[in-house]
Structure formats: C-alpha cells, structure tokens
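Bear in mind that the values in this text are calculations on the coordinates, not laboratory data. Being a predicted model, the structure only gives us computed values, none of them experimental. Note that we place each Cβ from the backbone using ideal geometry, even for glycine, and neighbour counts take in every protein chain shown.
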Amino acid sequence: MTSPNQHAGPRIAAIIVAAGSGSRSGSEIPKQFTILAGLPMIAHSYRALRDHPAIGQVVVVIGDDQGAMLAATIPDATGVAGGATRRLSVRAGLEALAADAPRAVLIHDAARPFLSAAVIDRLVAALDTSDGALPALPVADTLARGDTVLGETVDREGLWRVQTPQAFRFETILAAHRDWAFDEPTDDAQMVRRLGGTVAMVEGDTMLEKITYPSDFAAAEARIAPPPLISRSASGFDVHRLEVGEELWLGGILIPHDKGLSGHSDADVALHAITDALLGTIAAGDIGTHFPPSDPQWKGADSAQFLQHAATLVRTEGGVIDFVDLTLMCEAPKIGPHREAMRTRIAGLLELTPRQVSVKATTTERLGFTGRGEGIAAQAVATIRIPA
C-alpha cells in the first residue's frame, strides 16, 4: 500500500457522490436536490467540505442528466458524470482528480448532508497512520434474525454502523478502484481492506444519518431545528436621591434640571432598573452583584455599560430580548419631552428597535419621597425568549 510520505503535496480533495435518482425518497426530483433546511440537500455537505481549511477541491459526481440542476444549485461546483453503480461513480470522481492527484481524498454520500468539521478533522488525522479512515457509531439496538417471526438475536458486541465521508490516501483508493475484480462492494473502505489496506474507525456523528425515505426528511429537519424558546419576564426597581450639583441622567440621556441623581455611578435609575430586569430573566443576580458600589472603578461610570453587560449575558444564554417596559416615578422633571430620545437611546444600547421599548412616567400625587421631590424611582419589566 501507499506510504504516508509518498505524495509531495499536502492537498486534500473531496468527492460527493450524488449520481442517484433517489427513487425511494418519494421526491419528484432526485433527493440530493430536494430542499432540506432551506437549501438543496447536496448544498449542505458541499459547503461543509468546501469551507473546511484542509480541503482544497470538491468534485460532485452526478447523473448524466443532472448537470443543469447542479449548476443551478451550486454554480461554482465541479460536476463529473457518474456511472451505473456507486463504485463506477466514485471511480469517475477519482479519475477526474488523478491528473493533479491530491495527497488524500474524502468520499462522501450526498444523502448524509449534515457533516461537521470535527468529523473531517478526525478522518484527516487518522490518515497519518492508516490507508483509510471512516466514521462509525456503535450499534445500540438489539439485533435479531427473522422474517415475519422473530428469530435468534445477534450479539452486537463489536458491531458498528459505518458512515461517510470515508477518507483515503489517494493513490491507495485509486489503485483499489482500478484493480477491482470482485462483486460490487458496499463501500470504498471494503475495497481498500480487501486489497490489504488498513482502515481506521473514528468517532461518527448522529447528524450523519442517511436520508433515504420520505420520513427521513422530517427526521433530519427535526435534528437541526433550533431548540424551542420559552418566554420569560422579570422586573427591576431602583431609586436614587436628587441633589443639587449633580447631573441628571435618565434613560441614557442628559436632561437639563436644577438637580441630578446621586449615586456611585451616574445614578441613571432608568438604566439600572432595566439592567436588573434583564439580569432577572436569566437569574443572574442584580446590578450590585456585577458592579458592586464598593468597587472604585465604577465611580461615576456610565450606566450604559451595565445595561449592555446584562444584554450580553442574556444573549450568551441563547436569549432574545423581545421587549422592555420602563416606568419613571417623579414630580419633576417632566418626562414627556424626553420620552422618544430615551426610547431611541435604550433601543440602541440593547440592539432593539424603538418599537420594542416603552417609556412611561407617573407621579405619586406628591406623596412620599418622590412626591416631595427628594428622588426618582424607576420600575422596569423585560421580556425575553430563551431556550427551554
């Protein structure tokens, strides 16, 4: 067999076998061109192989009458006409690469669309010590013989489900195809093995399940569907004292007034209340947990960074911020003239539209500390969607 250093170049190529008619899939067109998760099925594996940094060339083997469909689906793809059997189709792909032979080649079935970079990495690494490599998963189900009546069970110890892509040193697999004189093989790895080559098994991937029947399409869509999102709401509340000589920051904007809010940071009660509401949606404590007033670095800090920090934590958890509702409680200043500027500023900080931010104001009918003009209070409610 070929030694690992026989090829001078490091290039790795890939072949996607897509020459079948897919008659069992129930589709009116070949299944490899059927839309799956928003793209023709073949486009998923093509992108995975084309975009992998180790792979320099991808050849797609298609049926004689499928050239126009391939060009419409993947305009930059190199198409090669296949043969009457899978073996002959793979041989056609290999011969198309032989003139400028790569060091190694991955051979993949278009019917296994969801190929990960991690699987490719494992296959390429295995070629350092083996003639070939394939992904495989252990058999978990009970196996039994029989027809319409259950027969004896089969020991599943040491049994594996073989997947694609299968990777090979190029000259090894090309020689196996050119010299093949036996019955039709089930896959390329058996050809290399029968001619004395070694084929390593690497960890496979449940996402590589083969799509054959109509029900397989629905199962594949379900496998890649994003997790369901649930809605969560949480509230936040903050109060700061009004004092002469301080600037008045509310909702991220500077408001002209004879007094301003006093606090360790800029004391923006509006942004503080929204920050606590967002932290509450993911049970991440409160603003003091993340920005303790005892820490001198937050002296006079812009509260916008507190709000953006909370929003980042929500998004890191997979959350989507849907809406923020803010109520300000004070006798003065009047909030109405500044309402739209606040909405715009808060929306910008949270990467929302102003339609997703509500700003309201009320008084306490001159009752309590807000009614006496001693301070301003803010209450906020945030609504997000987050994976269940």
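Table for the structure above
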| quantity | calculated |
| --- | --- |
| Calculated diffusion of the chain, Stokes-Einstein form, Kirkwood radius summed over Cα pairs, 4 °C and 1.567 mPa s, µm²/s | 50 µm²/s |
| For the stretch 12-224, alpha-carbon Rg over 2.2 N^0.38 Å | 1.02 |
| Cα-based reach from Lys360 at 29 Å (exclusive), listing lysines while leaving out same-chain residues under 8 positions away | Lys259, Lys299, Lys334 |
| Set of lysines near Lys210 by C-alpha distance (under 24 Å), chain-local residues within fewer than 8 positions excluded | Lys31 |
| GNM result for the chain, Cα springs below 10 Å: residue of Ala219, Ala284, Ala176 fluctuating most strongly | Ala284 |
| Relative contact order computed over the chain (Cα-Cα under 8 Å; 6+ residues apart), in percent | 14 percent |
| Part-to-part distance (alpha-carbon centres) for the stretch 129-152 and the stretch 165-239, which is given in Å | 16 Å |
| In the stretch 82-189, trypsin sites (Lys or Arg not before Pro) in a DSSP loop with at most 13 other beta-carbon atoms within 10 Å | Arg156 |
